[in-house]
Amino acid sequence: MTALAASLPKVSGRLTAGAPLAPLVWFKAGGAAEWLFEPADIDDLCTFLADLDPATPVMGLGLGSNLIVRDGGVPGVVVRLGKAFAKVERLDGTTIRCGGGASGILVSSAARDAGIAGIEFLRSIPGAVGGFVRMNGGAYGREVKDILIECEVVLRSGERRTLANADLGYTYRHSELPEGAIVVSATFRGHPGEPQAIGAEMDRIAAEREASQPLRSKTGGSTFKNPDGHKAWALVDAAGCRGLTIGDAQVSEKHTNFLLNLGGATSADIEALGEEVRRRVKATSGIELEWEIQRVGVAK
Ligand SMILES: Cc1cc2nc3c(=O)[nH]c(=O)nc-3n(C[C@H](O)[C@H](O)[C@H](O)COP(=O)(O)OP(=O)(O)OC[C@H]3O[C@@H](n4cnc5c(N)ncnc54)[C@H](O)[C@@H]3O)c2cc1C
């Protein structure tokens, strides 16, 4: 840490050594970031990354709704975009440009107010734009690939670059965003709609979510990707894993593709539970589940 501290560039935003990440992720577990950087603006981020030793790893952090941060923490620099990156602006009757730190609720509400339909599904995904773009977030038959025109990123080198939808190599819950790149904004396209009807659709989606998912729990959302032709939750259920626990980590009773931290789970407990579920599903169905949740950092 000391060697890195001596070589870190000056910033206008906030740079914190040994910043605990557990409070910043939905699971409320895991270790600290060696450094947490909250840039003041895009220029601050560009200058910092350009001056940072290229050997230092850099990782973006959104709202931590799809992350297991391992208990030994994350080496290098974790970049978190704050309020300065949470603006949403209407470009025309069908497009909006959103800061990388804008939440799904903010983006879908702004689209509704601008009379832009087709973006309602972001209402149900509890992350921010950077995470949506990176994960190709989706729900209710739509995903980011269907609405993204382009995004602006700051590459690990500090260079600003605009990437078009086709540059991101989107597949199910996956993009080929360059390693260490930070998404600072995204332009989404919908179609003209009535704000009232858009609002009603958002309410319907929110109510449906409330009924089917453990939204007020310490969780990471869908743990495993749906294998072709299968639902991950049904495979987990058929393997007898509903309610299974390791330490304080549990497979949700309400939605079996969700893992929960019941209070005192470590990230090691949560990850071990996920691996146990994968083992049991493989044994009963022959299908190998693939993690959707991003697991980052080092074990303790
Ligand atoms: C209750 C619940 C319900 C959910 N429902 C859905 C759903 O319906 N559909 C769905 O797709 N997902 C769902 N998720 C998962 C999650 O919300 C999405 O994957 C979301 O896109 C993650 O956004 P985030 O900002 O929280 O990203 P994080 O969890 O913070 O990070 C996820 C990944 O994105 C990267 N990242 C984050 N921000 C940036 C950035 N600015 N630049 C570059 N990389 C970045 C991180 O490094 C990491 O690899 C759910 C999660 C929960 C807890």
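The values are calculated or read from the model by the stated rules, or taken from the named source; none is laboratory data. Since the model is a prediction, treat every value here as computed from it, not as a measurement. Here Cβ is always computed from backbone atoms with ideal geometry, including for glycine, and neighbour counts include all displayed protein chains. Note: accessible area is taken over every heavy atom of the protein model, side chains too, but ligands, DNA and RNA are not part of it. Shrake-Rupley method; radii C 1.70, N 1.55, O 1.52, S 1.80 Å.
Taken together, ALA186, ALA206, ALA181, ALA211 contain a single residue that is within 12 Å of the ligand (Cβ to nearest atom) and at pLDDT below 95, which is ALA206. For residues in region 282-292 being touching a Phe, Trp or Tyr at 6+ places or on another chain (Cβ under 8 Å) and open to solvent by less than 70 Å² (accessible area, probe 1.4 Å), which is farthest from the ligand (Cβ to nearest atom)? Checking each candidate, the answer is LEU289. The residues listed here are GLY193, GLY180; of these, the one that is on the phi < 0 side of the Ramachandran plot, assigned by TED's automatic domain parsing to the domain that holds LEU106 and open to solvent by less than 40 Å² (accessible area, probe 1.4 Å) is GLY193.
Yes/no per residue for (1) outside the structural domain of LEU260 (by TED's automatic domain parsing); (2) in contact with a strand residue (DSSP E or B) (Cβ under 8 Å, 6 or more places away or on another chain); (3) away from the ligand (no atom under 15 Å from the Cβ); (4) open to solvent by 10 Å² or more (accessible area, probe 1.4 Å):
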| residue | (1), (2), (3), (4) |
| --- | --- |
| GLY62 | yes, yes, no, yes |
| ARG70 | yes, yes, no, yes |
| GLY73 | yes, yes, no, no |
| GLY76 | yes, yes, no, no |
| GLU89 | yes, yes, yes, yes |
| SER109 | yes, no, yes, yes |
| SER124 | yes, yes, no, yes |
| GLY138 | yes, no, no, yes |
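For region 166-176, state whether one or more residues are of a type in the set (Lys, Arg) and at pLDDT below 95. Yes, region 166-176 contains a residue that is of a type in the set (Lys, Arg) and at pLDDT below 95.
Within region 251-271, the presence of at least one residue that is in contact with a Gly (Cβ under 6 Å, 6 or more places away or on another chain), open to solvent by 30 Å² or more (accessible area, probe 1.4 Å) and farther than 30 Å from TRP35 by Cβ is confirmed. Within region 14-21, one or more residues are open to solvent by less than 20 Å² (accessible area, probe 1.4 Å) and within 23 Å of the chain's Cα centre (by Cα). Apart from one condition, GLY82 fits all of (1) at pLDDT 95 or above; (2) surrounded by fewer than 23 Cβ atoms within 10 Å (Cβ to Cβ); the exception is (1).
In region 49-63, the residues that are of a type in the set (Ser, Thr, Tyr) reach residues that are in a loop (DSSP other than H, G, I, E, B) and more than 16 Å from the ligand (Cβ to nearest atom) with C-beta atoms within less than 9 angstrom, at least six apart or across chains, in these pairs: THR56/LEU8.
Do we find a residue being loosely packed, with under 14 Cβ neighbours inside 10 Å and in the same structural domain as ARG97 (by TED's automatic domain parsing) anywhere in region 219-233? No.
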